[in-house]
Each structure stands twice: as C-alpha cells, then as structure tokens.
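These notes concern the structure reproduced below.
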Amino acid sequence: MARKLDTIQRRFLLAITGAYRTSPTAALQVILVLPPLHLSLKCEAESVSIRRLRKHIPNHSHAPEDFEEIESGWSSHPSSHLHPDQISLQDGGNLVETTAIYTDGSKLENGVGAAFCLVENSTIVHSWSTELRLENTVFQAELLALKEAVQFALPLATKTIKIFTDNKASILAVSNPKSSNKMARTVFSTLLKNPNMYLHWIKAHVGYFGNETADALSKEAAESHSSPSIVKLSKAYLKSSLKKSMINAWQTLWTRGETGRSTHNIIPTVSLHPANWSRDDIIFFTGHGPFQFYLRRFNLSTTSTCPCGLEGTPLHYATECLFTISWRMKKPAPQHTDQ
C-alpha cells in the first residue's frame, strides 16, 4: 500500500518541483514538506477512529474516552436565542460596575490554569481557580473559567451580573447555539435561562483591575502542581499528538532510507516548515540534473568526468571546476561533505 501511495504522490511532487523524473521520492517529500501519503492517511484514520468511532488505537497514549465528544445539533430550540445585549465584543473595561466577575485561562510551559474573581466596589470578595492537565488547551481553560463563573453567578442572577473575559474565541463559542463544544453549550444554556447575565469582552494587559487579578490567579493555578481538574482532551491535542507520531515515523523512514542520501546530508531532520526551495536548488542538492556524474549513472553519457578532468558532481561544479570559476562557492570543510 505504501508503495502504491508513493507512486500516486510522486507525480504531484515532480509536477510541483519541476525536478528530474529520476529524483528520489523520499527527497522530494522532505523538500516540499509533504509526508508520505500512507503516514498522512494513517494519521487521519486514527483521528477518526478515536474521535468519531470511539475505538482504541494500539500504542496510543490515550483512550477514546479521554477526548471530548462531538456535540451536534441545536443546544436549544432555534427560536430561542440570547438577547443581543447579552453578548458584547467591544472593550468593556471602562464600564463602571459595582459587581462584576472576571475570568481568565492561562497556558504556561509547565501547566494550564483557569480562574475567575468576583469584584464588588473594587474589592475582590470571592475567587476560584484550578489547574488543568498540561495536555489541555488555553481555550479549554477559558471555557472552564466561564462555565464556573456562570454557575457561581446563578444565585446572584436576581440582579444584573456582568462577566468579563479577554478571550473573544470563547465568547463566540458560548454564544453559538450549535457549538460542538460541550462546555460552550452549557454556558449558552445558562445565559439563555438567565437574561440578567451579560458577557463582555475586555482588553487584556492594559491595567484593568479585575482582569489583571483573574490573569494572576490563572497563572498561579497553572504553576500550583496540585491535583488537576479533569477536562477531556480536545481535538486540537489529538491532532497534535497524532502529528508528532507521524513525524517520528517519517523521520525513521528518512533516516533508514537508501535513496535521497545527498539530500539527507543537507536536511537530516524532517519538518513541517517549508523552506521554499527553487527548482535549481532541488536539482543541485538532489544531484539529479545536467551533471556528468548523473548522466553517466543513468547511461546518458559515456563518462562521469567533467571536461576539466575531475568527477562531474554538483559540488565539483559549484566549488572547484575551472569552467565555472565565476560561479564558485567556497568548498565545505571535509567534515561537512561525504565526497
């Protein structure tokens, strides 16, 4: 199967690069940052198996039940919707409120945290925070903080309650009645039943007291190393995890491969970050081009020797040939070449 898929992919690799048709498929995959099709197919198949079919994948670190389930359909009747004033994406930092709740989520190098604080007359009267697992995303932390904030605000909902967050993505998610995220749907339902709750965006890191306090609390929670709240892992984490496995498998193929070794000397490590090589670069570094050494190898010439008398390799023409002296580059030190 892998060979058949490589054959299909090869046609497109050659068309994109303009490389010689004898150029190694493995080298072109690395240069164009296009993983072998069979590895990409495996990655997508495993993602669907875990997320949609809820099947266990051998050698995968997480079980299907560790991941969020995909919610579908409307979270309420289509005729039910939030009041337009309940959601605001304008900076609400300058709104003067006697009672307000501020939420935030943070993801640091060693942890993830979520928090909210209740502010009354410029005084913190209540706060909540928790650590999440390192695998959780900052978006999940933001949603968890909002979910906990609206639950806390329920007994206070007899009066107007304004909740502020500096994350627009979470506001858009919780205001969407068809969100596929379970936490977002929970917040939407709570807001729908409590029209006295208002959700505002607030600009981050500009000195707003409540926002700065929530930010500090979430970062403190992220570094607390306490027992984390269990929030199911996201689709983004699953894709990232599977992509890492795919890259590791690709790296193994590239390291142990028998073709494209001249390119391997230059790019020993596979990557998903394109280098934007030109056609001339590809021809030169793969060694598949109008070079005597290449022509002799494929019986297109009777000799591999350059007219100057030396072996006609790409490196020779670039660094030492008398006939290309005006184009010469400095020849690399012996430890940097295998020729």
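The values are calculated or read from the model by the stated rules, or taken from the named source; none is laboratory data. The model shown is predicted, which means the values in this text are computed figures rather than measured ones. Positions of Cβ are backbone-derived with ideal geometry, glycine not excepted, and every protein chain shown enters the neighbour counts.
Things worth noting here:
- Scope the range 104-147; condition in contact with a Cys (Cβ under 9 Å, 6 or more places away or on another chain) and of a type in the set (Val, Ile, Thr); matching residues: ILE124, VAL125
- Test result for TYR198, surrounded by fewer than 21 Cβ atoms within 10 Å (Cβ to Cβ) and among the aromatic types (Phe, Trp, Tyr): no
- The range 244-265, subset among the hydroxyl-bearing types (Ser, Thr, Tyr) and either under 19 Å from the mean Cα position of the chain (by Cα) or in a helix (DSSP H, G or I) (or both), residue farthest from LEU37 (Cα to Cα): SER262
- Residues in the range 92-114 that are modelled with pLDDT of 95 or more and under 18 Å from GLY207 (Cβ atoms): 4 in all.
- Flag for ILE267 being crowded, with 16+ Cβ neighbours inside 10 Å and among the β-branched types (Val, Ile, Thr): yes
- Single condition THR213 does not satisfy, out of (1) closer than 23 Å to LYS42 by Cβ; (2) of a type outside the set (A, V, I, L, M, F, W, C); (3) out of contact with any His (no Cβ under 9 Å at 6 or more places or on another chain); (4) surrounded by 16 or more Cβ atoms within 10 Å (Cβ to Cβ): (1)
- Annotation: ILE8 fulfils all but one of (1) exposed (fewer than 12 other Cβ atoms within 10 Å of the Cβ); (2) modelled with pLDDT under 95; (3) within 28 Å of the chain's Cα centre (by Cα); the unmet one is (2).
- Selection count where residues are crowded, with 22+ Cβ neighbours inside 10 Å and small (Gly, Ala, Ser), scope the range 184-195: 1
- Against the numbered list (1) touching a helix residue (DSSP H, G or I) at 6+ places or on another chain (Cβ under 7 Å); (2) assigned by the TED database to the domain that holds LEU37; (3) more than 30 Å from VAL138 (Cβ to Cβ), GLU258 comes up short only at (1).
- Screening the candidates SER61, SER106 for the property of being under 22 Å from the mean Cα position of the chain (by Cα), exposed (fewer than 13 other Cβ atoms within 10 Å of the Cβ), over 29 Å from PHE285 (Cα atoms) and among the small types (Gly, Ala, Ser) yields one hit, SER61.
Quick grid of which residues meet (1) within 18 Å of the chain's Cα centre (by Cα); (2) surrounded by 16 or more Cβ atoms within 10 Å (Cβ to Cβ); (3) on the phi > 0 side of the Ramachandran plot:
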position: ILE16; (1), (2), (3): no, no, no
position: TYR20; (1), (2), (3): no, yes, no
position: LEU32; (1), (2), (3): no, yes, no
position: ARG54; (1), (2), (3): no, no, yes
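- Per this entry, LEU34 is not counted among residues that are of a type in the set (A, V, I, L, M), farther than 29 Å from VAL231 by Cα and not assigned by the TED database to the domain that holds GLN251.
- Some residue of the range 4-16 being closer than 22 Å to GLY260 by Cβ and of a type in the set (Asp, Glu): yes
- Residue match in the range 126-144 (condition: among the acidic types (Asp, Glu), surrounded by 21 or more Cβ atoms within 10 Å (Cβ to Cβ) and under 18 Å from LEU233 (Cβ atoms)): yes
- Within the option set PRO177, PRO195, being part of a loop (DSSP other than H, G, I, E, B), out of contact with any Ser or Thr (no Cβ under 6 Å at 6 or more places or on another chain) and under 17 Å from LEU82 (Cβ atoms) holds for one residue only, PRO195.
- Residue under evaluation ILE57, criteria (1) outside the structural domain of ILE171 (by the TED database); (2) more than 28 Å from SER179 (Cα to Cα), criterion not met: (2)
- Looking only at residues in the range 145-170 that are within 21 Å of the chain's Cα centre (by Cα) and outside any loop (DSSP other than H, G, I, E, B), the one that is farthest from LYS235 (Cα to Cα) is LYS168.
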